[in-house]
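The values are calculated or read from the model by the stated rules, or taken from the named source; none is laboratory data. A quick note: this is a predicted structure, and the numbers were derived from the prediction, not measured. Note that each Cβ is placed from the backbone with ideal geometry, even for glycine, and that neighbours are counted across all protein chains shown. Ligands, DNA and RNA are excluded from the accessible area calculation, which covers all protein heavy atoms including side chains. Shrake-Rupley method; radii C 1.70, N 1.55, O 1.52, S 1.80 Å.
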Amino acid sequence: MLSNCGHDENNKYHGGASGDQTGTEYRVIKWYNRPWNYIIRPTNRKVGEKLALVARQAAENNNIGYDQYQRLTYYHALANADWNPSKITTKCETDCTASTVANVIAVGHQLGIKPLQELSPSLYSGNIRRGLMATGCFETLTASKYLTSDKYLLPGDILLYENHHAAINLSNGSSNDLPSSSSELPKPSISDTAKNVLNGKYGNGQDRIDKLKALGYTDAEIKEIQAKVNEMLKPASKPAPKPTPTPKPSNAIAVDGEWGRGTTRAAQKVFHTYQDGIVSKQIAKYRKYMPNCLSSSWQFLSSGYKGGSDLIRAIQKWCGADADGLCGQGTIKALQRKLGVGVDGIMGPNTVKAFQRYLNKYL
């Protein structure tokens, strides 16, 4: 069964009255093939079970209706209702993605998981996957068995037809070997998690602790992970050297002056960071300095950007900028000096092309 928010009382996307006028704007329905191209699964079963509960409560409250033009009113009503959809008594509106994100944020508040609390409620079907994955609390499934039936789905799985629609699964699939009340999906070993920490997967400081707790690790286990990280770092008596890419056989990217996912993936490969094609957690007000950085590959946030991007941090170390993971004019100027192009603090086409040519030397 799915918690599905799909249209207003007139089978349109906006213009109807507030609230669910027909009981069909936001409701629980049987699984259907949209088609879906991603399943976004919480890596902590407690998060999945709680998300399914919150999504069902929202779908069963007829004070919550559908309207894309008023999509954030449900989020605000939810915040005023102590993050419990059942307590909403005022008429409000949402849409498929806004409801999904609001429900995830509610779970973050109910379970005390900071990365979920800090999600932007304005995410839409084109960037929700990137936003959720940046929290470190989800995994993406694309195998056919997950996309073409509900047999292998778990409560809290988010079904996504990117750029079109999203819904939340409520029930345990018939082919799963996990009971519906299972506590956790298997966690990686302490050693494997420590390796992921060293690779920058979980960020730094409190951000890392929050993400590890969201995965189900206890305080004692997090200390054990840190001890393992320290042990892995012991052989190095000096700070880790700056990334020095080694030339490889050509697998060149296009030198087109636009920094999209292809350029990001190439940079992540060359600078040895996690390869997902996303420059995560960048400051929205700096967007104006990066006109040729495409939103499909760059995540710009008005809040919750602390820690920035591991890729940007690696580039900053390479070009001699302050390594804070946030790309601003100082970083752009340092990059321009390193690449030997005009220094104006703007990531325009000439700067991006020079960087793409540099990457192509090592792909």
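Just give me the residues in segment 194-221 being out of contact with any Phe, Trp or Tyr (no Cβ under 6 Å at 6 or more places or on another chain), open to solvent by 20 Å² or more (accessible area, probe 1.4 Å), of a type outside the set (Gly, Ala, Ser) and part of a helix (DSSP H, G or I), in sequence order.
Within segment 194-221, Lys195, Asn196, Leu198, Gln206, Asp207, Ile209, Asp210, Lys213, Asp219, Glu221 meet the criteria.
Go through Trp36, Trp31 for me and flag whichever is farther than 25 Å from Lys87 by Cα, open to solvent by 10 Å² or more (accessible area, probe 1.4 Å) and touching a helix residue (DSSP H, G or I) at 6+ places or on another chain (Cβ under 6 Å).
None of the other options fit; the residue is Trp36.
Got a number for residues in segment 147-167 being more than 14 Å from the chain's Cα centre (by Cα) and open to solvent by 20 Å² or more (accessible area, probe 1.4 Å)?
Residues flagged as more than 14 Å from the chain's Cα centre (by Cα) and open to solvent by 20 Å² or more (accessible area, probe 1.4 Å) within segment 147-167 amount to 9.
Within segment 1-91, considering only strands (runs of 3 or more DSSP E) that don't extend past its boundaries, which have at least 1 residues that are aromatic (Phe, Trp, Tyr)?
The qualifying strands (runs of 3 or more DSSP E) are 26-29, 38-42, 64-66.
Conditions (1) within 22 Å of Gln206 (Cβ to Cβ); (2) aromatic (Phe, Trp, Tyr); (3) open to solvent by less than 70 Å² (accessible area, probe 1.4 Å), marked per residue:
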{"site": "Lys288", "(1), (2), (3)": "no, no, no"}
{"site": "Leu294", "(1), (2), (3)": "no, no, yes"}
{"site": "Gly307", "(1), (2), (3)": "yes, no, yes"}
{"site": "Cys319", "(1), (2), (3)": "no, no, yes"}
{"site": "Thr331", "(1), (2), (3)": "no, no, yes"}
{"site": "Val341", "(1), (2), (3)": "no, no, yes"}
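Among the residues in segment 84-95, are any open to solvent by less than 10 Å² (accessible area, probe 1.4 Å), closer than 21 Å to Phe138 by Cα and in contact (Cβ under 8 Å) with a residue 60 or more places away in the chain?
no
If a residue has to be in a loop (DSSP other than H, G, I, E, B), among the charged types (D, E, K, R) and more than 19 Å from the chain's Cα centre (by Cα) to count, how many in segment 303-352 make the cut?
Counting residues in segment 303-352 that are in a loop (DSSP other than H, G, I, E, B), among the charged types (D, E, K, R) and more than 19 Å from the chain's Cα centre (by Cα) gives 3.
Tell me whether segment 118-141 contains one or more residues that are more than 18 Å from the chain's Cα centre (by Cα) and among the hydrophobic types (A, V, I, L, M, F, W, C).
no
Taking segment 62-83 as the search range and keeping residues that are more than 17 Å from Ala166 (Cα to Cα), aliphatic (A, V, I, L, M) and touching a strand residue (DSSP E or B) at 6+ places or on another chain (Cβ under 9 Å), which one is surrounded by the most Cβ atoms within 10 Å (Cβ to Cβ)?
Leu78
Residue check, Ile253 against (1) of a type outside the set (Asp, Glu); (2) at pLDDT below 90; (3) not in a helix (DSSP H, G or I), all met but one. Which one?
(2)
Would you say Ala59 is without any contact (Cβ under 8 Å) to a residue 60 or more places away in the chain and either of a type in the set (Lys, Arg) or buried (at least 22 other Cβ atoms within 10 Å of the Cβ) (or both)?
yes
From the list Ser122, Ser99, Ser144, which residue is open to solvent by 10 Å² or more (accessible area, probe 1.4 Å) and under 28 Å from Asp67 (Cα atoms)?
Of Ser122, Ser99, Ser144, the one residue that is open to solvent by 10 Å² or more (accessible area, probe 1.4 Å) and under 28 Å from Asp67 (Cα atoms) is Ser122.
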